[in-house]
1. A14 - would you say it is in a helix (DSSP H, G or I), hydrophobic (A, V, I, L, M, F, W, C) and modelled with pLDDT under 95?
2. Among (1) modelled with pLDDT of 95 or more; (2) more than 24 Å from P71 (Cα to Cα), which single condition is G129 missing?
3. Looking at A158, A172, A130, A176, can you tell me which residue is within 19 Å of A100 (Cα to Cα) and aliphatic (A, V, I, L, M)?
4. Can you tell me which condition L157 does not meet? The list is (1) surrounded by fewer than 20 Cβ atoms within 10 Å (Cβ to Cβ); (2) in contact with a strand residue (DSSP E or B) (Cβ under 8 Å, 6 or more places away or on another chain); (3) of a type outside the set (G, A, S), and all the others hold.
5. Quick one: how many residues across region 59-102 are free of Cβ contacts under 8 Å to residues at least 24 places away in the same chain and under 21 Å from G129 (Cβ atoms)?
6. For region 119-126, state whether one or more residues are of a type in the set (S, T, Y), in contact with a Lys or Arg (Cβ under 7 Å, 6 or more places away or on another chain) and closer than 19 Å to L152 by Cβ.
7. Would you mind finding the one in P44, P39, P23, P31 that is more than 13 Å from the chain's Cα centre (by Cα), surrounded by 14 or more Cβ atoms within 10 Å (Cβ to Cβ) and at pLDDT below 95?
8. When you look at V105, is it among the β-branched types (V, I, T) and either at pLDDT 95 or above or closer than 24 Å to P125 by Cβ (or both), yes or no?
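The values are calculated or read from the model by the stated rules, or taken from the named source; none is laboratory data. Worth saying up front: this structure is predicted, and the values here are computed from it rather than measured. Glycine also receives a Cβ, built like all others from the backbone with ideal geometry; neighbour counts cover every protein chain displayed.
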Amino acid sequence: MRTFTTILAMLVLAGAAPRAQQPVQTPPASPQQTAPAAPVPATPASGAPATPAAARTFTAPAGVIFNAVRPDRVADFEIVMGYLRAALEKSTDPAVQAQARGWRVFKASEPGPNATVLYVFLLDPATPGADYGLGRILSDAYPDQVQDIWKLYSGALAGGGSLLNLTPVQAAPPPAGAK
């Protein structure tokens with residue numbers, strides 16, 4: 001288990017770049033009271049949402065995304081996860097509904113790199129080619145609050161997330177004569 005944790009830490013560090021600290025406003029305590037905004041990049045002057053630099057898409061039947069969260073911002077990250085869960089549940093978009101069926105969020109028990117808290121998105125099955133970036137999903141669900149939620153989300157992250165495509169391994173039969 002120690003080796004697995006070390007590998008996860010290396011993967012997260014490989015994709016992690018420190019982010020500038022930003023002041024964050026805490027949204028309402030409950031998504032049911034007021035729907036929160038989604039993490040989305042700033043909106044350009046044209047009014048259209050900005051496109052993320054790299055799409056969060058999978059080409060394999062399953063995938064994971066590792067998110068290293070600053071320990072002092074765990075509550076903010078979990079608020080955003082509540083908004084994400086609600087957005088996935090209430091979406092009428094068939095593509096988002098397909099993504100929601102296989103999207104699970106886990107929190108690691110062990111500390112992540114540099115004492116961060118590691119959250120893992122397990123996507124099984126993953127919808128090949130679908131964008132798993134939170135911005136689009138949350139902005140569709142909470143268009144009026146997206147900027148505040150994005151600040152919460154980006155302020156909670158200790159670095160960029162790492163995305164891995166996973167392909168199931170088909171076990172080969174044992175060699176002849178093996179016991």
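1. Working: in a helix (DSSP H, G or I): yes; hydrophobic (A, V, I, L, M, F, W, C): yes; modelled with pLDDT under 95: yes.
Criteria met by A14.
2. (1)
3. Working: A158 fails: within 19 Å of A100 (Cα to Cα); A172 fails: within 19 Å of A100 (Cα to Cα); A176 fails: within 19 Å of A100 (Cα to Cα).
A130 is the lone residue from the list that is within 19 Å of A100 (Cα to Cα) and aliphatic (A, V, I, L, M).
4. Of (1) surrounded by fewer than 20 Cβ atoms within 10 Å (Cβ to Cβ); (2) in contact with a strand residue (DSSP E or B) (Cβ under 8 Å, 6 or more places away or on another chain); (3) of a type outside the set (G, A, S), only one is false for L157: (1).
5. The total comes to 4.
6. Yes, region 119-126 has at least one match.
7. Working: P44 fails: surrounded by 14 or more Cβ atoms within 10 Å (Cβ to Cβ); P39 fails: more than 13 Å from the chain's Cα centre (by Cα); P23 fails: surrounded by 14 or more Cβ atoms within 10 Å (Cβ to Cβ).
Sole residue among the options that is more than 13 Å from the chain's Cα centre (by Cα), surrounded by 14 or more Cβ atoms within 10 Å (Cβ to Cβ) and at pLDDT below 95: P31.
8. Details: among the β-branched types (V, I, T): yes; either at pLDDT 95 or above or closer than 24 Å to P125 by Cβ (or both): yes.
Yes; evaluated as a whole, the condition is true for this residue.
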